[in-house]
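The structure appears right after this line, and notes come after that.
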Amino acid sequence: MTQQRGEHAPAPAQFGPGFVLYSRSWCHLCEDMLAALRALEPPGQPFDVAVLDVDADPALLARFDELVPVLYGDPGQPELCHYFLDEAAVRAYLAACAATRAAS
């Protein structure tokens, strides 16, 4: 897991699907969402997950405060889900990533 604090969303992963999880310390929903996301990883192919602490950045805190956890695939696109993992949305994002890689 890539953990960055106080930064805005990084670019999506170059080689596989990447995610950005806006989170905060001591948040059981945040921990649950990360665990549920990790449970979807194919064996031997971990996802790149940037976990950003909203409390470390005033702009992120203003944007996401009570919504955390918030999960994005591509930070330039709408969120995949917040509060709880939306497995269907994550699987659709993964399928779109696979289709994009296959077309390249």
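The values are calculated or read from the model by the stated rules, or taken from the named source; none is laboratory data. Source: prediction; values computed, not measured. When we count neighbours, we look across all protein chains shown, and the Cβ atoms used for this are built from the backbone with ideal geometry, even at glycine. Quick note on the areas: whole protein, heavy atoms, side chains included, nothing else; ligands and nucleic acids left out. Shrake-Rupley method; radii C 1.70, N 1.55, O 1.52, S 1.80 Å.
Remarks
- Restricting attention to region 1-33 and to residues that are among the aliphatic types (A, V, I, L, M) and assigned to a loop (DSSP other than H, G, I, E, B), the residue that is modelled with the lowest pLDDT turns out to be Met1.
- Selected residue (criterion: modelled with the lowest pLDDT) from residues of region 37-48 that are surrounded by 16 or more Cβ atoms within 10 Å (Cβ to Cβ) and touching a Leu at 6+ places or on another chain (Cβ under 8 Å): Phe47
- Residue list for region 66-90, restricted to those being over 13 Å from the mean Cα position of the chain (by Cα) and surrounded by 12 or more Cβ atoms within 10 Å (Cβ to Cβ): Leu67
- Every residue from region 49-104 that is in a loop (DSSP other than H, G, I, E, B) and in contact with a strand residue (DSSP E or B) (Cβ under 9 Å, 6 or more places away or on another chain): Asp57, Val68, Pro69, Gly73, Asp74, Pro75, Pro78, Glu79, Leu80, Tyr83, Leu85, Asp86
- Tabulated pairs, region 80-104, first over 18 Å from Ser23 (Cα atoms) and at pLDDT below 95, second surrounded by 15 or more Cβ atoms within 10 Å (Cβ to Cβ) and among the aromatic types (Phe, Trp, Tyr), C-beta under 6 angstrom, 6+ apart or interchain: none
- Among the residues making up region 91-104, those that are open to solvent by 30 Å² or more (accessible area, probe 1.4 Å) and not β-branched (Val, Ile, Thr) are Arg91, Ala92, Tyr93, Leu94, Ala95, Ala96, Ala98, Ala99, Arg101, Ala102, Ala103, Ser104.
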